[in-house]
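Shown next, in structure tokens, is the structure this report addresses.
The values are calculated or read from the model by the stated rules, or taken from the named source; none is laboratory data. Because the structure is a prediction, the values reported are computed rather than measured. Here the Cβ positions follow ideal geometry from the backbone for every residue, glycine too, while neighbour counts run over all protein chains shown. Keep in mind that these areas ignore ligands, DNA and RNA; they rest on the heavy atoms of the full protein, side chains included. Shrake-Rupley method; radii C 1.70, N 1.55, O 1.52, S 1.80 Å.
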Amino acid sequence: MNAAFIAHPTSVVAVVVGLLFISGLVSVGVTVYTWQVRRKPGALGLSVLAAASGLWSTGYLVELVVSNIEAKLLIANLQWIGVLAAPIAWFVFAFSYTGRDRYTTPIPLVVISFLPMLALVAVWTSPAHSLMWSAVEAEPLVGGVITVLQYDWGPLYWVVLGYSYLLWVAGTIVLFQTAFDMPEVYRLQAMTLILGTLLPVLGNVIKTLLELYGTAVDLTPTAFAFAGLAYAIAINRYDLLDARPVPRGVACERVFESMVDAVVVTDTKWRVIAMNESAVTILGHSADELKGKPVSNVISGITPGEPIGDQVTIRLGDGQRDFELRTSEFTDHHGRAIGNAHVFRDVTDRRLNLQQLEVMNRVLRHNLRTEANLLEGYASLVVEDIDSGALDSARTHAETVRNHATTLVNISKKARKLGATRRDDDTGDVQLLPAAVQIRAAADTVRADFPESNVRLSSLPDGDALCAPILEPVVAELLENGVEHNDATTPVVTVTATVDGDELVIRIEDEGPGISVSELAAIEAHGETPLRHGSGLGLWLVKWGVDQLSGTVDFNRRTPTGSKVVLRIPVSSEKSEVTLG
């Protein structure tokens, strides 16, 4: 600005007023646009920043041209809303836009805003305590064309000023860090925002230094004209708010927390130092409760110092889900070990599907083929007997054919029941039913299918014990097994059901030959092999059904003969929907 220009006060006023007007106009435009897209990350903070700068600029414009001291003070006090809100809005925008949302949630925001809110109260009550200023008067500038308020600042003002600079710097630093870790478009966004924001801060620093030597015009509001233009350029040219930068550290943290697989991180001493939300859910304890504990105390199957292997299926927590464990060591930039990451992938469904494939393969390959061969053989004997006139022999062989046909029908029915024990792939939600009603219905079904049987219901729980409807086919299968394999004239099966806390205990006892060792071996081995497999589908139906109920089943032999099966099933006392498995 040359001497001739300075010699004309009207020109100086025109420049200041013009910049203030442009600042207010641009601020309004940015505020309107960002408010319309306020749901985008950082948009709300930028909208408040633009509105605060617009209030500051417009208020200062009116303050300069008004001559009445009371009116000037009122307008100046209103400006303080924008003065105090602007650095907070910049902080919120910068941290939200760079993915550091944890610092912009309600509680941190209240903490950050506490001092500015206290200062705003002090502004309106300053004559009573002089914390913000002890005296104020109007000083003419530029040949008396405009008048500026001159303050004797109090101690709280300097504290608030330093705090505001701190918020401006914090927001600038996170944007600056992001600029070096992102593609070019994000670097251009960040640098444009930083340059635009530094101009008002620089203007405020100049004004503060000039006030040490006398009256000075506040350059901060005028500099907001350039800040608003910078924001507008970033929005229109560099896709500000449409393309959000995510720093590498924030991205890694979010991926870690949102992983479906459970992750537990240990140090070189195998002590837990971190875990994601999935691990917290599975283990049933918060991260703070488990931090510092040896991993062997938290997860069975992991022994510090011993090789774990690439894939180990173990059980976690109190649930009945199976997990595949992968452990990998991670190092620092010098290749030195600093810890281990243990990743647990839920393989329960995969295990159950493999079991079903193994069992169905055996049924189709062995049981069905065997029954079909027998049918064919005995049918041929029937034909031969009829041709030779041996009707009694034909009748006997025909009865055998019918028995094997019945066996095929039973295999088909049980195969259908197996589908009912698997979860609904869409929602997995089922309606809970009284356990007593399901047990009674299972007993009635077996009595109808086997009229000669004697199914005794020794005791039943009350109607408040509820569980998923899979319980009925599971109990029916056990009752049918106890009746069907008993050669007695009147097979007896006894059911005793009680509730122990939130657990339903069902004991089913029969007097038959007992369950074969090969059947139990296949069940306990979690699968079948060519050398170890059962003879039917019944026990698998029970096993998979109990798994879906998150319960356990124990098979025991009775003395001198018979079997005792004990089911332990979690129950609820409230009617609701649950997810199986």
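Summary table below
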item	result
Tally of residues being of a type in the set (Val, Ile, Thr), at pLDDT below 90 and surrounded by 16 or more Cβ atoms within 10 Å (Cβ to Cβ) across the stretch 65-82	1
The stretch 1-20, residues that are out of contact with any Ser or Thr (no Cβ under 8 Å at 6 or more places or on another chain) and either modelled with pLDDT of 75 or more or hydroxyl-bearing (Ser, Thr, Tyr) (or both)	THR10, SER11, ALA14, VAL15, VAL17, GLY18
Residue match in the stretch 329-339 (condition: open to solvent by less than 40 Å² (accessible area, probe 1.4 Å) and at pLDDT 85 or above)	yes
Among (1) farther than 21 Å from MET132 by Cα; (2) surrounded by fewer than 23 Cβ atoms within 10 Å (Cβ to Cβ) - the single one GLY45 does not satisfy	(2)
Among (1) farther than 27 Å from SER572 by Cβ; (2) open to solvent by less than 50 Å² (accessible area, probe 1.4 Å) - the single one LEU466 does not satisfy	(1)
Hey, ASP444 charged (D, E, K, R), surrounded by fewer than 21 Cβ atoms within 10 Å (Cβ to Cβ) and at pLDDT 85 or above or not	yes
In the stretch 202-228, the residues that are over 14 Å from SER57 (Cα atoms) and not acidic (Asp, Glu)	LEU202, VAL205, ILE206, LYS207, THR208, LEU209, LEU210, LEU212, TYR213, GLY214, THR215, ALA216
Some residue of the stretch 371-384 being modelled with pLDDT under 85 and outside the structural domain of GLY538 (by the TED database)	yes
Count of residues meeting criterion [open to solvent by 70 Å² or more (accessible area, probe 1.4 Å) and either among the aromatic types (Phe, Trp, Tyr) or free of Cβ contacts under 8 Å to residues at least 12 places away in the same chain (or both)] in the stretch 130-165	2
The stretch 254-271, subset of a type in the set (Lys, Arg) and under 22 Å from ASP332 (Cβ atoms), residue surrounded by the most Cβ atoms within 10 Å (Cβ to Cβ)	ARG271
Answer from ALA476, ALA436, ALA443, ALA488 - the residue that is over 16 Å from VAL505 (Cα atoms), of a type in the set (A, V, I, L, M, F, W, C) and not in a loop (DSSP other than H, G, I, E, B)	ALA443
Residue satisfying all of: in the stretch 536-581; among the small types (Gly, Ala, Ser), at pLDDT below 65 and surrounded by 14 or more Cβ atoms within 10 Å (Cβ to Cβ); farthest from LEU478 (Cα to Cα) among these	GLY581
Any hit, the stretch 233-253, residues being at pLDDT 80 or above, open to solvent by 10 Å² or more (accessible area, probe 1.4 Å), in contact with a helix residue (DSSP H, G or I) (Cβ under 8 Å, 6 or more places away or on another chain) and in the same structural domain as GLY45 (by the TED database)	yes
Cβ-Cβ under 6 Å pairs, at least 6 apart or on other chains, the stretch 193-221 side modelled with pLDDT of 80 or more, far side open to solvent by 30 Å² or more (accessible area, probe 1.4 Å) and aromatic (Phe, Trp, Tyr)	LEU199/PHE226
Boolean, LEU460 is free of Cβ contacts under 8 Å to residues at least 40 places away in the same chain and surrounded by 15 or more Cβ atoms within 10 Å (Cβ to Cβ)	yes
Residue tally, condition out of contact with any helix residue (DSSP H, G or I) (no Cβ under 8 Å at 6 or more places or on another chain) and under 13 Å from ALA476 (Cα atoms), over the stretch 437-455	5
Scope the stretch 386-413; condition acidic (Asp, Glu) and either touching a residue at least 12 places away in the same chain (Cβ under 8 Å) or open to solvent by less than 90 Å² (accessible area, probe 1.4 Å) (or both); matching residues	GLU399
Residue in the stretch 58-81 that is in contact (Cβ under 8 Å) with a residue 24 or more places away in the chain, assigned to a loop (DSSP other than H, G, I, E, B), of a type in the set (Ser, Thr, Tyr) and under 18 Å from LEU193 (Cα atoms) present	no
Matching residues in the stretch 272-295 - criterion: being among the hydrophobic types (A, V, I, L, M, F, W, C) and open to solvent by less than 30 Å² (accessible area, probe 1.4 Å)	VAL272, MET275, ALA279, LEU283, ALA287, LEU290, VAL295
Single residue of the stretch 83-127 satisfying the filter (in a helix (DSSP H, G or I) and in contact with a Pro (Cβ under 7 Å, 6 or more places away or on another chain)) that is surrounded by the most Cβ atoms within 10 Å (Cβ to Cβ)	TYR97
